[in-house]
Amino acid sequence: MTSAIAADGVRKRYGDIQAVDGVSLTVETGEFYGVLGPNGAGKTTTLEILEGVREPDEGSIELFGLSPWPRNSKLLPRIGVQFQASAFFDQLTTRETIRLFASFYRVGVRRAEAMLERVGLTDLAGVHADKLSGGQAQRLSIACALVHDPELVFLDEPTAGLDPQARRNLWDLLRDINAEGRTVVLTTHYLDEAEILCDRVSVMDHGKILKTGAPATLVRELDDKVRVSVESGLVTAPAMCELLAEVGAGSVAVEDDGVSLTVATNTPAPVLSVLAEQGALRGLEVRGATLEDVFLQLTGREYRA
Amino acid sequence: MSIEHTDQSTATAGASPQEDESPRPGTAPQSGKPGPGKTESGEAGSGKAESGKTGPGKEGPGRAETKAGSEKGGKGSDRRIGAERLSAFRELSRAMILISVRDKATVFFLVVFPVMFLLLFGTLFKDGATAHAKVAQVGAVQLLDSVHGADRAQLDKVLSITRTRDEAEALRKVRKGDLDALIEQGKGNTLVLRFSGSDQVKSASVKGIFNSLLQQANLAATGKPATYTLKSSRIEDQSLKPIQFLTPGLLGWAIATGAVFSSSLTLVTMRRKRVLRRLRMAPISAGSVVASRIGVTMIIALVQTVLFISVASTPYFGLELTGNWWLIVPLVICATIAFMSIGLLTGSLAKTEEAANGFSQLIVLPMSFLSGSFFSLDDAPGWLKAVSQAMPLRYLVTGSESVLTRGGGILDVLPTMGGMLLFAAVLATISWRFFSWDDA
Ligand SMILES: Nc1ncnc2c1ncn2[C@@H]1O[C@H](COP(=O)(O)OP(=O)(O)OP(=O)(O)O)[C@@H](O)[C@H]1O
Ligand SMILES: [Mg+2]
């Protein structure tokens with residue numbers, strides 16, 4: 001069975017900037033795939049090349065075994081795209097816009113209305129596209145990408161600018177279409193989102209893919225310390241160090257910032273039992289490494305141009 | 001001896017058979033041009049196997065039933081769901097119309113503004129040659145005084161002659177424009193006609209009248225019957241009436257401006273707002289996008305035409321249409337395509353709306369002045385005429401003048417229409433080299 005996406009050695013240069021620098025990736029049919037990376041990492045460019053909007057300087061891309069460039073009309077009905085910036089006729093209303101896009105795919109009016117309902121824009125059906133708020137326009141853009149039930153969906157930062165309700169509703173929607181066996185590729189800056197939704201993610205920077213894998217695997221590979229914290233004042237930091245040394249808890253770092261006492265460790269079990277013995281469990285919080293830690297470790301902490 | 005030259009009443013009488021039954025070409029271009037069936041079959045029917053079977057069928061009542069249940073199908077279910085499928089071409093055309101109509105500025109500049117121009121110019125030049133020319137006769141003028149009876153009545157129809165002795169006062173009135181000319185007996189057998197050049201139409205007609213009077217008198221003086229008598233044709237008489245050339249001229253200008261600017265600006269806006277790129281990601285052919293745009297621009301041009309002809313035909317302006325006036329419809333359609341190709345070129349070259357505006361103006365402004373829209377090019381230097389002959393507006397103006405007011409037939413405008421389409425093809429080819437779907 002052919003993969004939904006198979007890209008090999010893709011490069012794209014804009015003047016001095018090597019926006020995409022040798023990206024190879026495979027996305028299987030039915031997979032939920034995330035592309036992460038700081039601003040300017042090359043996510044949008046990569047996505048646009050995969051979609052067939054842009055021509056790569058080098059490399060080969062196949063979607064379902066077909067080349068998306070030059071514009072491949074056999075492929076177009078099977079994919080749905082949402083661009084990072086919305087692209088509408090300002091003078092058309094929300095409803096007219098979704099119907100227009102529905103007509104491109106020969107999809108019925110009912111389906112168009114259902115899609116509008118699905119992204120919560122039914123009440124705004126009569127509003128002109130240029131009068132929608134940022135998040136509303138984003139939702140319309142997503143609705144247009146999904147109106148024809150594509151097999152493969154590309155979403156470029158779909159949840160940027162969405163309020164928490166809209167974000168969760170969109171998650172539900174994306175999970176639903178993924179559960180139907182459709183392939184979803186998205187970029188996002190919300191790492192919790194990637195962790196929750198994606199089967200696999202790639203972390204990109206400077207046009208290269210640094211790491212690819214299931215979010216849980218990446219986090220585990222990071223082998224980062226677990227942070228156990230309780231309310232400050234229940235037990236002092238030096239006392240805690242002593243107690244942990246007594247039970248042989250290995251290398252730990254104890255820190256008290258006046259609000260919470262935090263112990264960073266690779267073996268949380270003895271830490272927890274010591275705290276329990278001391279009756280110092282008020283405000284207990286155990287926090288493991290997240291995808292965010294993986295991301296920061298891979299891409300560093302400094303700002304991107 | 002008779003003065004047929006200026007017989008306005010006979011001129012207008014049989015001029016245009018008022019054929020109310022003549023074919024009214026309303027929405028013909030739409031149904032005749034690329035239909036929805038054609039534009040879709042190319043692309044939409046393809047896709048994955050399941051949907052491929054559906055093919056590019058017409059929407060029928062039966063289909064609604066079959067698809068109704070599959071709203072929430074699993075993967076690979078037929079995507080053509082819903083009661084009524086929408087035709088891409090129809091929806092695109094609808095969108096294009098809504099975009100034009102909802103933009104108040106577009107409506108104003110394409111429809112209201114040109115009609116205002118017609119009203120203004122029409123009113124300004126209304127009294128041009130039709131009404132009496134007012135002539136002061138200073139002292140005795142043998143030529144005029146010798147005209148009697150029926151001939152005199154004919155003369156009075158076109159000239160209102162007042163007698164005066166005060167030459168200086170009459171001259172002052174001519175300068176002020178209160179009188180159109182003064183005539184007096186010069187030395188010997190000469191006749192002195194003095195007129196102001198400010199109103200060319202009137203001065204030309206006064207000159208013409210006296211010339212013909214003079215010739216007839218000269219002829220009579222020889223004592224022989226006239227060998228040749230000049231019978232001016234109806235067409236020339238009508239062309240004296242300003243509305244007869246103002247209407248085709250201003251109409252051509254309005255259509256050219258509308259088609260060039262709207263296609264240029266729409267193209268740039270759609271590109272800048274990434275709509276073009278988004279449309280390209282949809283399984284519709286570029287042809288159907290272009291066709292819908294052309295269709296809408298044609299509708300606008302035909303609306304302009306109908307408005308212009310209706311306004312000019314009111315009794316106030318009194319436009320007289322000649323037999324084959326309906327030929328204006330195919331003519332306008334071809335011209336619109338030619339003008340749109342200019343907009344395509346400027347819109348392809350420009351990255352921003354401001355630049356598109358500038359480029360378009362750079363072409364439209366000289367074209368308007370060089371094409372006889374506002375004034376006749378008869379007296380223009382040869383090179384200027386040559387320049388104007390490279391521009392489609394010139395052909396629209398002469399062509400529509402021909403079919404609207406000069407009794408031109410299909411053979412008069414067929415080469416013009418062919419030329420316009422050829423022009424469009426050439427410009428479209430050039431534009432394609434600069435065209436891009438995307439900003440970046
Ligand atoms: N059309 C273009 N012309 C020139 N340079 C471009 C163009 N598009 C992108 N770039 C450059 O290529 C690099 C990658 O851009 P890209 O849009 O792919 O980043 P991104 O990962 O999507 O960033 P963000 O998270 O901000 O959306 C950037 O340095 C950008 O400046
Ligand atoms: Mg981006």
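The values are calculated or read from the model by the stated rules, or taken from the named source; none is laboratory data. Since we're looking at a predicted model, the values are computed, not measured. Ideal geometry is used to build each Cβ from the backbone, glycine not excepted, and the neighbour counts take in all protein chains shown. Side chains are part of the model used for accessible areas, which takes the heavy atoms of the whole protein and leaves out ligands, DNA and RNA. Shrake-Rupley method; radii C 1.70, N 1.55, O 1.52, S 1.80 Å.
Restricting to the range A:205-220, count the residues that are in a loop (DSSP other than H, G, I, E, B), within 16 Å of ligand 1 (Cβ to nearest atom) and either among the aromatic types (Phe, Trp, Tyr) or open to solvent by 10 Å² or more (accessible area, probe 1.4 Å) (or both). So the count comes out to 1.
If you take the residues of the range B:252-295 that are of a type in the set (D, E, K, R) and in a helix (DSSP H, G or I), which of them is nearest to the other protein chains (Cβ to nearest Cβ)? Top of the filtered list is B:278.
For every residue, the table says whether it meets (1) touching a helix residue (DSSP H, G or I) at 6+ places or on another chain (Cβ under 8 Å); (2) in a strand (DSSP E or B).
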residue	(1), (2)
A:235	yes, no
A:241	no, no
A:245	no, no
A:258	no, no
A:264	no, yes
A:271	yes, no
A:298	no, no
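I'd like to verify a number: residues in the range A:17-70 that are under 26 Å from residue A:160 (Cβ atoms), of a type in the set (A, V, I, L, M, F, W, C) and either assigned to a loop (DSSP other than H, G, I, E, B) or within 15 Å of ligand 1 (Cβ to nearest atom) (or both), how many? Summing the residues that are under 26 Å from residue A:160 (Cβ atoms), of a type in the set (A, V, I, L, M, F, W, C) and either assigned to a loop (DSSP other than H, G, I, E, B) or within 15 Å of ligand 1 (Cβ to nearest atom) (or both) in the range A:17-70 gives 12. Of the residues in the range A:166-173, not one is open to solvent by less than 30 Å² (accessible area, probe 1.4 Å) and outside any helix (DSSP H, G or I). Scan the range A:27-44 for residues that are among the polar types (S, T, N, Q) and surrounded by 15 or more Cβ atoms within 10 Å (Cβ to Cβ) and the total you get is 2.
Here the range A:133-146 is the region considered, the condition is being surrounded by fewer than 24 Cβ atoms within 10 Å (Cβ to Cβ) and part of a helix (DSSP H, G or I), and the residue that is nearest to the other protein chains (Cβ to nearest Cβ) is A:145.
Selection of the range A:1-17 for residues being surrounded by fewer than 22 Cβ atoms within 10 Å (Cβ to Cβ) and within 16 Å of ligand 2 (Cβ to nearest atom) yields A:14, A:17. The residue of the range A:174-204 that is nearest to the other protein chains (Cβ to nearest Cβ), among those that are open to solvent by 10 Å² or more (accessible area, probe 1.4 Å) and within 16 Å of ligand 1 (Cβ to nearest atom), is A:189.
The range B:348-440 holds no helices (runs of 4 or more DSSP H) entirely within its bounds that carry 1 or more residues that are within 16 Å of ligand 1 (Cβ to nearest atom).
For the range A:1-16, taking the residues that are within 11 Å of ligand 1 (Cβ to nearest atom) and of a type outside the set (D, E, K, R), the one that is farthest from residue B:283 (Cα to Cα) is identified as A:15. Contact map, the range A:279-305: first residue more than 15 Å from residue A:222 (Cβ to Cβ) and away from chain B (no Cβ under 14 Å), second residue within 16 Å of ligand 2 (Cβ to nearest atom) and open to solvent by 80 Å² or more (accessible area, probe 1.4 Å), Cβ cut-off under 9 Å, separation 6 or more or different chains; pairs are A:303/A:39; A:304/A:39; A:305/A:39. One residue stands out in the range A:102-120 among those that are more than 9 Å from every other protein chain (Cβ to nearest Cβ) and in a helix (DSSP H, G or I): the one that is surrounded by the fewest Cβ atoms within 10 Å (Cβ to Cβ), namely A:117.
When A:123, A:149, A:163, A:130 are screened for being within 14 Å of chain B (Cβ to nearest Cβ) and either within 16 Å of ligand 2 (Cβ to nearest atom) or surrounded by fewer than 21 Cβ atoms within 10 Å (Cβ to Cβ) (or both), only A:130 passes. Checking the range A:178-187 against the condition returns a match, with at least one residue being charged (D, E, K, R) and in contact with a Pro (Cβ under 8 Å, 6 or more places away or on another chain). Here the range A:246-268 is the region considered, the condition is being modelled with pLDDT of 85 or more and of a type in the set (A, V, I, L, M), and the residue that is most open to solvent (accessible area, probe 1.4 Å) is A:259. Residue-level analysis places residue A:114 outside the set of residues that are on the phi < 0 side of the Ramachandran plot, of a type in the set (Gly, Ala, Ser), more than 16 Å from ligand 1 (Cβ to nearest atom) and touching a strand residue (DSSP E or B) at 6+ places or on another chain (Cβ under 8 Å). Inspect all residues belonging to the range A:47-60 and state whether any of them is in the same structural domain as residue A:183 (by TED's automatic domain parsing), more than 16 Å from ligand 2 (Cβ to nearest atom) and of a type in the set (A, V, I, L, M, F, W, C). No, because not a single residue in the range A:47-60 is in the same structural domain as residue A:183 (by TED's automatic domain parsing), more than 16 Å from ligand 2 (Cβ to nearest atom) and of a type in the set (A, V, I, L, M, F, W, C).
Out of A:30, A:40, I need the residue that is at positive phi, in contact with a Lys or Arg (Cβ under 6 Å, 6 or more places away or on another chain) and touching a residue at least 60 places away in the same chain (Cβ under 8 Å). Which one? None of the others qualify; the one that does is A:40. A single member of B:151, B:166 is of a type in the set (Asp, Glu), assigned by TED's automatic domain parsing to the domain that holds residue B:210 and in contact (Cβ under 8 Å) with a residue 60 or more places away in the chain, and it is B:151. In contact with a Leu (Cβ under 7 Å, 6 or more places away or on another chain) and open to solvent by less than 50 Å² (accessible area, probe 1.4 Å), is that true of residue A:294? It is true that residue A:294 is in contact with a Leu (Cβ under 7 Å, 6 or more places away or on another chain) and open to solvent by less than 50 Å² (accessible area, probe 1.4 Å). For residue A:99, the conditions (1) open to solvent by 50 Å² or more (accessible area, probe 1.4 Å); (2) without any contact (Cβ under 8 Å) to a residue 12 or more places away in the chain are fulfilled apart from (2). Apart from one condition, residue A:24 fits all of (1) over 19 Å from residue A:197 (Cβ atoms); (2) open to solvent by less than 20 Å² (accessible area, probe 1.4 Å); (3) more than 9 Å from ligand 2 (Cβ to nearest atom); the exception is (2). Scanning the range A:71-86 for residues that are in a loop (DSSP other than H, G, I, E, B) and at the interface with chain B (Cβ under 7 Å from one of its Cβ atoms) gives A:71, A:73, A:74, A:83, A:85.
Cβ separations smaller than 8 Å between residues 6+ apart or across chains give no pair from the range B:87-109 residues that are in the same structural domain as residue B:299 (by TED's automatic domain parsing) to residues that are open to solvent by less than 70 Å² (accessible area, probe 1.4 Å) and charged (D, E, K, R).
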